[in-house]
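Input: a single structure, listed below in structure tokens.
Read the figures in this text as sums done on the coordinates, not as results from a lab. Please read all numbers here as calculations on a predicted model, not as lab measurements. Don't worry about glycine lacking a Cβ; one is built from the backbone with ideal geometry, like all the others, and counts go over all protein chains shown.
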Amino acid sequence: MTHDHFTLALDEATGVATLELDHPERLNTVAPPFFTGLRDEVQRLSDEGRTRVLVIRSTGKHFCAGMALDVFASGLAMLDTTDARKRLAFQDSLRRLMACFDVLDDARFPVICAVQGGCVGAGLDLAAACDIRLCSADAFFTVQEIHIGMAADVGSLQRLPKIVPDGVARQMAYTGERLGAERALAVGLVNAVLPDAAVLHEHAHRLALEIAAKSPLAIAGSKRALNYARDHGTADALDQMTLLQSAIFDLGEMTTAIAAWQDKRAAAFDPLAPVRPVTER
């Protein structure tokens, strides 16, 4: 599938999907259609149930240089806040924009983000919404919005403090400083630093294959439990786990996994059941 801002492909044999930002000539900057396109495609993959892992990566020098500046100068209707009614509409429009990255959090599969070069502004919003981040040695991360006189508003300020120490997130937000690859590794923003983009993409794919080989039911349940625990207290999260485990505990799935593990071979798991639209019977 080709979109104006990215390409998307699913390897049916492995369940690994790859979404690649593919406009290096414009530093992979994005515009509003990118957000809705990503939302719709990731939701589709999640609903269909065949995807085990999604890898998000890019081409060229930079992962993503953020929102294209001409978006702010184009007279975009949602940016009109000249009266109370328009400000109320702005709030609703912004929340819908935020929800385009929420889909990465809600997807029934893990999302791995592979960053080379600059991960700037909206690019950082995107990366922060993923499960796992990896980067190349030349990568850097920055809350670019502060440089153009606005607060970041598509998720970085809400997600970063749950990934890195609060003081680090605040310094990034207040200064717009560039957080280099080694510093990003030290504070926990990324899981690994690889020498260059080619090695980074290979590493991300190997990690995706490792995850995709596991029970998709157990992976989806683990992601749901981790997300809930992140956003709730321990007692509430433990209560949620009792309900979740009662829903996904499957002896047949475990028998398949244990036999494959003991025999040191790949297991054959059924895909997740598709999520049907409410209009379907």
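A simple spin-label model places the labels of Gln262 and Lys86 7.0 nm from each other, with each point 7 Å out along Cα-to-Cβ.
For Ala31 and Leu243, what is the calculated FRET efficiency with R₀ set at 25 Å and r taken between the beta-carbons, to the nearest 0.05? Efficiency computed from Cβ-Cβ geometry: 0.05. The DSSP beta bridges internal to the chain are antiparallel in roughly 30% of cases. Counting only other residues whose beta carbon sits under 14 Å from that of Val168, what net charge do I get with K and R as +1, D and E as -1? It works out to a net charge of +2. Each peptide in 112-124, 162-174 gets a packing score, the mean of other Cβ atoms within 10 Å over its residues, and the list from highest to lowest is 112-124, 162-174. A convex hull fitted around the alpha carbon atoms of region 216-263 yields 73 Å³ per residue. Helical runs (DSSP H, four residues minimum) scored at -39500 (n - 2.57) apiece and divided by the length of the chain put the mean residue ellipticity at 222 nm at -14500 deg cm²/dmol. Comparing Asp40, Asp125, Asp83 in a Gaussian network model of the chain, where Cα atoms under 10 Å apart are tied by springs, the biggest mean-square fluctuation is seen for Asp83.
Of the beta bridges DSSP finds with both residues in region 1-146, what % are antiparallel, to the nearest 5? So the antiparallel bridges amount to about 30 percent of the total. Take the convex hull of the alpha carbons in region 122-218; its mean projected area over all directions comes to 6.8 nm². Among the cysteines of the chain, those whose beta-carbon sits 4.7 Å or more from every other cysteine beta-carbon are Cys64, Cys100, Cys119, Cys135. The Lys61 and Ser222 beta-carbon pair, evaluated with R₀ = 41 Å, returns a calculated FRET efficiency of approximately 0.70.
Between Asp47 and Glu20, what FRET efficiency follows from the Cβ-Cβ distance if R0 is 22 Å, with the result rounded to 0.05? After rounding to 0.05, the efficiency reads 0.55. Membrane-span-like helices in the chain, defined here as complete DSSP H runs extending at least 24 Å along the helix axis by their C-alpha atoms with mean Kyte-Doolittle hydropathy no lower than -0.5, are 84-106; this is a sequence and geometry rule, not a statement about a membrane. For the chain, with a Gaussian network of springs between Cα atoms less than 10 Å apart, report the residue from Pro33, Pro110, Pro216 with the top mean-square fluctuation. Result: Pro33 has the largest fluctuation of those listed. The Rg/Rh ratio of the chain, with Rg taken over Cα atoms and Rh as the Kirkwood radius over Cα pairs, comes to 0.98. Just want to confirm a number: the relative contact order over the chain, from Cα pairs under 8 angstrom separated by 6+ residues, in percent. Taking the mean separation of contacting Cα pairs over the length of the chain, I get 17 percent.
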